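Enquirer: My questions all concern the structure below.
The values are calculated or read from the model by the stated rules, or taken from the named source; none is laboratory data. Note that this is a predicted model, so its numbers are computed, not measured. Ideal geometry is used to build each Cβ from the backbone, glycine not excepted, and the neighbour counts take in all protein chains shown.
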Amino acid sequence: MSAPQLTPRKRFRSKLGMRVDPALPILGLRDVILTDFEFDFHSHPRGQLAYAASGVIKVFTDFGSWVVPPSQAVWIPGGMRHSVNPEVTSEIRHLFIDPSCLDRFPSECSVVEVSPLLRELISRVADFGEQYSADSPASRVCAVILDELQALKPSLLHLPGATDRRLQRIMQGMLAEPVAERGLHYWAEKVGASERTLSRLFLRETGMTFLQWRRQLLLHEAINRLGRGDSVTQIALDLGYRSPSAFVAMFRKALGRSPGQYFKEMS
């Protein structure tokens, strides 16, 4: 008998993102998100930095999705509709940035590399609570954090979406079953469009070629599975690579490190 299918539980959502108060430029939250929790799409005036101290989370917006592996963070601008969902049970630190500070930061969602200094600062601010005075140690730490956030560098883990229905069908199919060797010819037959048309659409709507988008998808899936503890060999086989070395070569070319080095540096 197969195991019963569990319906994801809706999760209580913090109201910190709704609080507007320039005297409190950053509000922090420490949280653990279980794999069967699910968040609805929502937005709030404060910008949000979600940092995965452990585990892997995915962030969805109307413009695409982002994967957040261990010890990276995702920046979500104020007012942007989004949903944060765990791939595995994840320990998360959230920083909610007051609207009065948002003109310093990007207006687009992005995954960013987090420096060791910022990791420690994020961990501290999550314990400050919802009240602190303007001349307190907490306030001074927040000022340093704001400076550090402006220096963050984008990661390469954005997976843009599309508005064209044919591309949406292709993307949904690829997300459901990511396979390295399934090319554009396969999908052209599935959606009834020429390869040339689909190539133009991918570049126009995502800023990527089909092969670049597929590589991003495979990176997403690989990082999710590495975060769950799957072996490199099993991931390579599941994603359709002819050998683990071919998968490692793709990973290294995209992110500059082997899978093992990547997660070692992020821990």
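Enquirer: Is one or more of the residues making up segment 175-195 in the same structural domain as LEU239 (by TED's automatic domain parsing), surrounded by 16 or more Cβ atoms within 10 Å (Cβ to Cβ) and aromatic (Phe, Trp, Tyr)?
Expert: Within segment 175-195 (the criterion being in the same structural domain as LEU239 (by TED's automatic domain parsing), surrounded by 16 or more Cβ atoms within 10 Å (Cβ to Cβ) and aromatic (Phe, Trp, Tyr)), the answer is yes, since at least one residue qualifies.
Enquirer: Let me ask something else about it. Cβ-Cβ under 6 Å, sequence separation 6+ or interchain: first residue in segment 46-67 and part of a strand (DSSP E or B), partner at pLDDT below 85 and of a type in the set (Asp, Glu). Which pairs?
Expert: Once the first residue is part of a strand (DSSP E or B) and sits in segment 46-67, its partners that are at pLDDT below 85 and of a type in the set (Asp, Glu) give ALA53/GLU91; SER54/GLU91.
Enquirer: Is it true that GLU108 is part of a loop (DSSP other than H, G, I, E, B) and acidic (Asp, Glu)?
Expert: Here the answer is yes, as GLU108 does meet what is asked.
Enquirer: Are any residues in segment 226-237 farther than 24 Å from ARG119 by Cβ and surrounded by fewer than 16 Cβ atoms within 10 Å (Cβ to Cβ), and if so, which ones?
Expert: Taking segment 226-237 as the starting set, the residues that turn out to be farther than 24 Å from ARG119 by Cβ are 230-237.
ASP230, SER231, THR233, GLN234, LEU237, listed by residue number.
Enquirer: Another one. Scanning for something touching a residue at least 60 places away in the same chain (Cβ under 8 Å), exposed (fewer than 14 other Cβ atoms within 10 Å of the Cβ) and outside any helix (DSSP H, G or I), does segment 208-225 turn up at least one residue?
Expert: no
Enquirer: Could you give every pair whose Cβ atoms fall below 8 Å, whose first residue belongs to segment 159-177 and is in contact (Cβ under 8 Å) with a residue 60 or more places away in the chain, and whose second residue is among the β-branched types (Val, Ile, Thr) and crowded, with 16+ Cβ neighbours inside 10 Å, counting only separations of at least 6 or pairs across chains?
Expert: LEU159/VAL67; PRO160/THR206; GLY161/THR206
Enquirer: Would you confirm, using the coordinates I've provided, whether VAL141 is in contact with a Lys or Arg (Cβ under 7 Å, 6 or more places away or on another chain), modelled with pLDDT of 85 or more, not assigned by TED's automatic domain parsing to the domain that holds ARG46 and not basic (Lys, Arg)?
Expert: On the way: in contact with a Lys or Arg (Cβ under 7 Å, 6 or more places away or on another chain): yes; modelled with pLDDT of 85 or more: yes; not assigned by TED's automatic domain parsing to the domain that holds ARG46: no; not basic (Lys, Arg): yes.
No: the conditions fail for VAL141.
Enquirer: Of everything in segment 2-17, what is within 18 Å of VAL125 (Cα to Cα) and either part of a loop (DSSP other than H, G, I, E, B) or at pLDDT 90 or above (or both)? Give them in sequence order. First the steps, then the outcome.
Expert: Kept after step one, since they are within 18 Å of VAL125 (Cα to Cα), are these residues of segment 2-17: 14-17.
SER14, LYS15, GLY17 - these are the residues of segment 2-17 that are within 18 Å of VAL125 (Cα to Cα) and either part of a loop (DSSP other than H, G, I, E, B) or at pLDDT 90 or above (or both).
Enquirer: Which one of ASP98, ASP147, ASP135 is within 18 Å of SER43 (Cα to Cα) and charged (D, E, K, R)? Walk me through it before giving the result.
Expert: Values: ASP147 fails: within 18 Å of SER43 (Cα to Cα); ASP135 fails: within 18 Å of SER43 (Cα to Cα).
The unique qualifying residue is ASP98.
Enquirer: Further question: Considering segment 241-257 alone, what residues qualify as being modelled with pLDDT of 90 or more, under 21 Å from LYS58 (Cβ atoms) and surrounded by fewer than 20 Cβ atoms within 10 Å (Cβ to Cβ)?
Expert: Result: MET250, single match.
Enquirer: Would you mind telling me which numbered condition in (1) surrounded by 12 or more Cβ atoms within 10 Å (Cβ to Cβ); (2) modelled with pLDDT of 90 or more ARG204 fails?
Expert: (1)
Enquirer: If ALA193 satisfies all but one of (1) modelled with pLDDT of 90 or more; (2) assigned to a helix (DSSP H, G or I), what's the number of the condition it fails?
Expert: Here ALA193 meets the rest and fails (2).
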